[in-house]
Amino acid sequence: MRDITHFIDGAPVAGQSGRFGDVFNPNTGEVQARVALATEAELDKAVQSALRAQQTWALVNPQRRARVMFEFKRLVEARMDELAEVLSSEHGKVIADSKGDIQRGLEVIEFACGIPHVLKGEYTEGAGPGIDVYSMRQPLGVCAGITPFNFPAMIPMWMFGIAIATGNSFILKPSEKDPTVPVRLAELMMEAGAPAGVLNVVHGDKVAVDAILDHADIKAVSFVGSSDIAHYVYSRGTAAGKRVQAMGGAKNHGIILPDADLEQATKDLIGAAYGSAGERCMALPVVVPVGRKTADELRERVLAEIDTLKVGLSTDPAAQYGPVVSEAHKKRVSDYIQMGVDEGAELVVDGRGFSLQGYEKGYFIGPSLFDQVKPSMKTYQEEIFGPVLQIVRAETFEEALRLPSEHQYGNGVAIFTRNGRAAREFASRVNVGMVGINVPIPVPVAYHTFGGWKRSAFGDTNQHGMEGVKFYTKVKTITARWPEGAVEDSAFVIPTMK
């Protein structure tokens, strides 16, 4: 049995708690490793290492920190195949998708390579008589990230890339379901030239999460996961005086107007709904065709595409998607499918009976399709997070606009149309944080920012881009003068620039 250890102060550290979590191969259903689950004392050991490292790392000039990012990027790219294979073996997504997971994280690292430029402050010469005013961005100290199973490479790099580049040290608590790649990334960060303790990885469950949220020396916490846990993390972390950005769940909608290119829209929907077995916070699990004719034609096109989908092993180059991450998650998705039937939605395609010959114990679910889904149904209101696409029919543009706007989640939405005016109006009015226009998965590029609205995000600052820089730094503003001549009298009135 392979043991996955913590990574503290630049070296592997065996767990001391005696508690472990099983790491499965979703393709076979077999346990392939066990991961140590940390105690509060082990988390504190990582924090002490990070404190020591940050004091000297913050003094390294931004250009040299950027060079570490450049080298880290090179090392990850050189090991892309190895990392993708390990990622797929623990998560279940196909190899090509795992490479995309890593690449999207590297794009944030590329942004972090330009950190000397974005850290420049502002300067005003002569703001008053002989007075100059300038500002600087300084690191917070020790920061932490709590990341989900569905993107074990991308989301950690979204967090620690910018945090470390801006002069902080970082403690990563990845998902215990697929923890190997995060440890490997920390090893590569050390190989790239970051001092020991700048990036630590501590595995764990709620014990480790609470220890992060309560530790006085951790100044900021970034989280991605379910909305209920995001709210918990935000509430407990901010109560302890920390900065917290907590990204939650999603129920992204794809609006199909009657003038849309249905052939292209269908292709886009299939990839966005079923890619990575639907285990993406930016998946597109709800499609809203406007008008009966559009809905009927779209349904037939989607059915035809589903017939061509290949579900297979994560190592199969021909497979569009692989298994879900765990047996418990497979049951959860299956229970939601049954709930949809019980609620009265039309189950057009049922993926629960899917089985892969020779891999019957794998966590595979075939593509499922519901039609006649109503907004009052629980399966519409909640995030299923599996290969399930729901059709919610709308009669008008206004009705279609209202559905994502009034939903509890506000992560992403897409509209498919040839009408520029309709698209512009939709993008302006919809109550959702990220909008795609003929783009099914509107994840912003790394130098913009990622973040939803409503119960999809708690906190005021988004992930990566300049929002990320703002989150991991604090602004200091200096007002300076160098007087000459006679000593001035004391001033008892607040200074003004009259």
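The values are calculated or read from the model by the stated rules, or taken from the named source; none is laboratory data. Just so you know, these numbers come straight off a predicted model, no measurement behind them. Reconstructed Cβ throughout: ideal geometry from the backbone, glycine too, with neighbour counts over all protein chains shown. For accessibility, only protein heavy atoms count, side chains too; no ligands or nucleic acids. Shrake-Rupley method; radii C 1.70, N 1.55, O 1.52, S 1.80 Å.
Using 0.36 nm per residue and subtracting the Cα-Cα separation, the extra length available between Glu327 and Gln372 on full extension is 13.3 nm. In this structure the amide hydrogen of Val13, modeled in the peptide plane, comes within under 5 Å of the amide hydrogens of His6, Phe7, Ile8, none closer than 5 places in sequence on its chain. Taking Lys374, Lys173, Lys293, Lys120 and ordering them by how much accessible surface each has at a 1.4 Å probe, largest first, produces Lys293, Lys120, Lys374, Lys173. Take every pair of alpha-carbon atoms less than 8 Å apart whose residues are at least six positions apart; their mean separation over the length of the range 70-205 yields a relative contact order of 26 percent.
Solvent-accessible surface of the range 295-384, taken per residue with a 1.4 Å probe and all protein chains present: 48 Å². Here the range 451-497 yields Rg over Rh of 1.34, to two decimals, using C-alpha coordinates and the Kirkwood radius.
For Asp342, the accessible surface of its heavy atoms amounts to roughly 110 Å² (probe 1.4 Å, protein chains only, rounded to the nearest 10).
By accessible area, using a 1.4 Å probe on protein heavy atoms only, the range 1-152 has 50% of its surface on carbon and sulfur. Karplus-derived 3J(HN,Hα) values for the range 246-263, using 6.51 cos²θ - 1.76 cosθ + 1.60 with θ = phi - 60°, are 10, 8, x, x, 7, 8, 6, 10, x, 8, 10, 7, x, 8, 5, 6, 5, 5 Hz; glycine and proline are entered as x. Taken along the Cα-to-beta-carbon direction at a fixed 7 Å, the label points for Asp3 and Lys120 span 5.1 nm.
Only protein heavy atoms count here; under a 1.4 Å probe, Glu488 has an accessible surface of about 120 Å². Computed over protein heavy atoms with a 1.4 Å probe, the carbon and sulfur contribution to the accessible area of the range 278-352 reaches 49%. Using equal-weight Cα scatterers in the Debye expression, the normalised intensity of the range 9-127 in log10 at q = 0.15, 0.22 Å⁻¹ is -1.01, -1.18. Distances between placed amide hydrogens fall under 5 Å for Gly29 paired with Tyr363, all partners being 5 or more residues away or on another chain.
With a cut-off of 12 Å on the backbone N, the residues of the range 100-129 near the modelled label site 7 Å out from Arg481 along Cα-Cβ are 126-129. Short-range pairs are left out: with C-alpha atoms under 8 Å and at least six residues apart, the relative contact order of the chain is 18 percent. Simple point charges give the picture: +1 on the Cβ of Lys and Arg, -1 on the Cβ of Asp and Glu, and for the range 330-459 a dipole about the Cα centre of about 420 debye.
At the residue level, Phe471 shows approximately 10 square angstrom of accessible surface with a 1.4 angstrom probe and all protein chains present.
Taken per residue, the accessible surface of the range 74-220 reaches 30 Å², heavy atoms only and a 1.4 Å probe.
Scanning residues 5 or more positions from Ala457 or on other chains, those with amide H under 5 Å from its amide H are Gly248, with H placed 1.01 Å from N in the peptide plane.
Sorted largest first, the principal axis extents computed over the alpha-carbon atoms of the range 349-394 equal 42, 17, 10 Å.
How big is the gap, in Å, between the Cα center of the range 253-301 and the Cα center of the range 11-45? Using only Cα atoms, the two centres lie 39 Å from each other.
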